[in-house]
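The values are calculated or read from the model by the stated rules, or taken from the named source; none is laboratory data. Just so it is clear, the structure is predicted and the values come from calculations on it, not from any experiment. A quick note on method: Cβ atoms are made from the backbone with ideal geometry, for glycine too, and the neighbour counts reach across all protein chains shown. Protein only, heavy atoms only, side chains kept; ligands, DNA and RNA dropped before computing areas. Shrake-Rupley method; radii C 1.70, N 1.55, O 1.52, S 1.80 Å.
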Amino acid sequence: MDASTSVETHHEPHEHDAAHEHHELGWWRKYIFSTDHKVIGIQYGLCGLVFLFFGFCLMMMMRWQLAYPGQAMPVIGKWLPYIFGADSMPDGKMTADFYNSLGAMHGTIMIFLGVVPLAFAAFGNFVVPLQIGAPDMTFPKVNAASFWAFAVGGVIMLVSFFVPGGAAKGGWTSYTPLAAFDDTGPGRNVVFNGQTLWLIGFIFLITSSLLGAVNFITTIIQLRAKGLTWMRLPFFVWAQFVTAFLLLLAFPPLEAAIIMQIMDRVAHTSFFLPAGLVVNGAPVSISGGGSPLLWQHLFWFLGHPEVYVLILPAFGIVAEILANNSRKPLWGYKSLVFSVLVIGFLSFIVWAHHMWLTGMGSAVSAFFQTTTLLISIPSVIILSAFFISLWGGSIRFTVPMLFATAFLPMFGIGGLTGIPLAFNSADLYLHDTYYIIAHFHYIVAPGTIFGLFAGVYYWFPKATGRKMNDFWGKVHFWPTLICMNVIFLPMFLQGMAGMHRRWYDGGQGWTVSNDHTIWGLTGFQWNHPISWAAWIMGLAQIPFIINFFWSIWRGEKVNDNPWEATTLEWTAPSPPPHGNFVHIPVAYRGPYEYSLPGSERDYTMQNEPVEPAERTRRKPPAEPVLV
């Protein structure tokens with residue numbers, strides 16, 4: 001941004017005097033039932049990390065069944081029936097129903113209890129008010145209600161593992177009519193069964209996201225510091241702003257659909273149930289007239305914006321870290337902002353590419369194929385701007401920068417492999433194969449989650465006043481990067497060989513998995529290196545866990561701006577006090593003023609006034625000479 005731009009704003013933030021006395025809260029009120037955005041952000045962050053690890057553990061159990069189907073799981077297999085019920089792992093061997101429960105809950109927990117709370121709620125709550133110079137969120141009590149709705153939803157999801165029949169088995173998409181009849185019948189409580197509890201828990205999670213989205217939008221619009229105009233916002237704030245709108249507009253249709261599916265299960269309505277259904281050889285006595293495809297439309301209307309709910313906050317985190325560690329401004333700031341706005345709009349008109357196999361007409365297919373290709377353009381602009389931002393930079397490969405730079409090619413692989421899926425002709429072959437698993441996980445696992453790890457390492461000093469250990473950060477990074485690729489790259493091969501992603505036996509009984517070899521292994525045999533890589537990657541998270549908690553109390557103490565960054569959060573003390581800032585910040589310049597010509601330092605913070613010498617440095621272009 002032009003450093004000479006005058007300070008302009010149309011609002012004043014709520015002022016806070018750090019010396020002003022306020023009532024000292026008790027421990028429970030301060031750290032558990034808090035309304036402080038920083039505490040709530042940390043609560044979301046800790047819960048999100050725990051759920052991410054738990055969801056990952058579910059996947060590691062599934063990988064045993066895929067690599068060694070029908071064999072007893074070593075060490076922990078004999079103990080799992082005491083946790084999940086006798087029917088889950090008899091003699092340490094996984095049953096088909098338990099495998100389906102693990103699959104459904106892995107997807108649900110990783111996305112809705114792990115990545116979304118961490119990417120949107122945790123980083124958003126902690127960082128956004130600090131970056132815009134606000135003392136807190138606009139509605140602190142609504143913020144607290146948002147977290148506790150999330151906590152209740154998470155507890156309900158966990159409780160569903162321990163009811164008769166176990167957790168939901170209908171997949172993380174909960175497609176009807178399967179989901180309408182799952183866990184029903186003799187011996188099953190109408191409400192306390194896995195599928196119904198999944199739906200009830202989801203209502204609380206959606207409510208949490210809606211409350212948070214309203215709060216974020218209001219805060220960013222109303223509480224920006226003086227001088228912090230729209231085009232002076234850090235890109236991370238723009239990413240969170242668009243993400244909040246996606247949640248606010250996409251979640252209500254799914255919440256309505258979930259209530260309708262609950263009614264189909266407990267009140268025998270037929271919102272999603274057609275006439276003539278036969279279950280277990282007997283006709284079902286229902287009124288009929290419902291449409292299973294209606295559920296798919298309502299689910300994927302949320303499902304595809306949800307992909308960008310996962311990725312946009314990671315874009316924002318990576319942008320902050322790339323600019324800071326390349327010591328130069330982000331290339332094409334305005335193009336990044338407009339690209340993220342276009343993504344927000346287009347994400348609402350691409351959902352049906354998840355439904356090519358439902359038999360939609362050619363005109364509708366052509367429309368959604370076109371919009372799906374169009375939405376790749378702003379994503380490519382953002383990724384290209386990130387790569388160009390590195391060019392000519394004085395790059396520092398800190399631990400956050402390692403994760404941020406690894407994010408770029410990993411997300412690129414995920415995006416490029418999605419292009420064939422935009423065409424219904426190619427999707428007829430690839431739909432529901434391991435190709436889909438690989439494509440989606442390259443977006444979300446080495447993509448979004450690498451961005452989240454980068455953010456944890458980057459803002460940890462601001463939250464604690466201490467820095468995480470660099471050596472153990474690198475020990476965490478390299479095995480994770482290598483194992484991610486060993487896990488997901490072979491899945492593209494399995495998918496193109498026709499292996500279905502929901503085979504409980506890993507494909508060993510299917511001709512298509514064993515007919516021919518790919519790089520020396522059959523489709524089924526690839527499950528062995530994939531599974532071993534997953535287990536090794538699980539071990540690679542131990543250094544992160546130890547480093548994280550050890551550094552809270554024993555990490556190296558650092559100053560308020562250890563990364564020598566430019567945005568407003570680094571003007572606050574570390575950790576920030578009640579009200580965040582000792583002095584109310586004023587923004588005089590853009591967010592990425594790195595390596596300004598003639599400056600004594602290679603960074604100039606947003607709250608530093610523009611010096612007269614800076615104005616004269618920016619000479620107007622010479623008038624053209626006519627000859």
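Helix 434-443 and the longest principal axis of the C-alpha atoms of the chain enclose an angle of approximately 20°. Among the listed pairs LYS474/LYS557; LYS30/LYS141; LYS226/LYS557; LYS78/LYS169; LYS334/LYS462, a Cα-Cα separation exceeding 25 Å is found for LYS226/LYS557; LYS334/LYS462.
Straightening the chain between PHE53 and LYS557 buys 178.7 nm, computed as 0.36 nm per residue apart minus the Cα-Cα spacing. These residues, CYS57, CYS483, go from largest to smallest accessible area, 1.4 Å probe, as CYS57, CYS483.
Once backbone amide H atoms are built at 1.01 Å from N, VAL279 has VAL284 as its partners under 5 Å, excluding neighbours fewer than 5 places away on the same chain. Distance from the Cα centroid of the stretch 157-222 to that of the stretch 239-260 is 15 Å (rounded to whole angstrom).
Database remark: amide H of LYS226 closer than 5 angstrom to the amide H of ALA587 (H placed geometrically; neighbours at sequence offset of 5 or more, or on other chains; Pro and chain starts carry no H).
Distance between the modelled labels on ILE83 and ASN280, one decimal in nanometres: 3.0 nm (7 Å Cα→Cβ projection). Checking the a/c ratio against 1.5 first, then a/b against b/c, what shape does the Cα gyration tensor give for the stretch 328-554? Note, shape of the stretch 328-554 comes out oblate. With viscosity 1.002 mPa s and temperature 20 °C, the Kirkwood radius over alpha carbon pairs of the stretch 211-310 converts through Stokes-Einstein to a diffusion coefficient of 131 µm²/s. Angle of helix 450-464 to the longest C-alpha principal axis of the chain, folded into 0 to 90 degrees and rounded to 10: 50°.
Which value, in Å² and to the nearest 10, is the accessible area of PHE397 when all protein chains are kept and the probe is 1.4 Å? Surface open to solvent at PHE397 totals about 120 Å².
Ignoring ligands, DNA and RNA, please state the percent of accessible area on the chain from carbon and sulfur, probe 1.4 Å.
Exposed carbon and sulfur together represent 68 percent of the surface.
With the charge dipole of the stretch 325-470 set up from +1 on Lys and Arg Cβ and -1 on Asp and Glu Cβ about the Cα centre, the Cα lying farthest toward the positive end among the listed residues PHE386, VAL342, PRO409 is that of PHE386. Here the stretch 10-166 is treated with +1 on each Lys and Arg Cβ and -1 on each Asp and Glu Cβ, and its dipole about the Cα centre works out to around 620 debye. Report the paramagnetic label zone for LEU294: residues of the stretch 254-282 whose backbone N is under 20 Å from a point 7 Å from Cα along the Cα-to-Cβ axis. Those under the cut-off are 254-278.
A simple spin-label model places pseudo-atoms 7 Å from Cα toward Cβ; at GLN222 and ILE388 they are separated by 3.8 nm. Multiplying the residue separation of HIS578 and LEU248 by 0.36 nm and removing their Cα-Cα distance gives an extension gain of 115.9 nm. Here's how it looks for TYR603: its modeled amide H is under 5 Å from those of SER595, which are all 5 or more places away or on a different chain.
Taken along the Cα-to-beta-carbon direction at a fixed 7 Å, the label points for ALA366 and GLU564 span 5.8 nm.
The 1.4 Å probe gives accessible areas that order ASP91, ASP136, largest first, as ASP91, ASP136. Can you give me the angle between helix 399-416 and the longest principal axis of the chain, using Cα atoms only, in degrees from 0 to 90, rounded to the nearest 10? Long axis of 399-416 versus the principal axis of the chain: about 50 degrees.
Placing one identical point scatterer on every Cα of the stretch 561-619 and ignoring solvent, what is log10 I(q)/I(0) from the Debye formula at q = 0.18, 0.21, 0.28 Å⁻¹? For the stretch 561-619, the Cα-only Debye profile gives -0.66, -0.84, -1.23. Take the stretch 328-554 with all the other protein chains still there, run a 1.4 Å probe, and you get 42 Å² of accessible area per residue. Taking the centroid of alpha carbons for each part, the stretch 38-60 and the stretch 518-536 are 28 Å apart.
Work out, step by step, the length gained on full extension between ALA426 and MET60: first 0.36 nm times the residue separation, then minus their alpha carbon distance; give nm to one decimal.
Answer, rounded to one decimal: 128.7 nm.
Rounded to whole numbers, the Karplus 3J(HN,Hα) couplings from phi for the stretch 98-105 are 5, 4, 5, 5, 4, x, 5, 7 Hz, using 6.51 cos²θ - 1.76 cosθ + 1.60 with θ = phi - 60°, and x at Gly and Pro. Taking the Cα centre of the chain as reference, the dipole from Cβ charges on Lys and Arg (+1) and Asp and Glu (-1) amounts to some 560 debye.
Restricting attention to the chain, close to 80% of DSSP beta bridges with both partner residues there are antiparallel.
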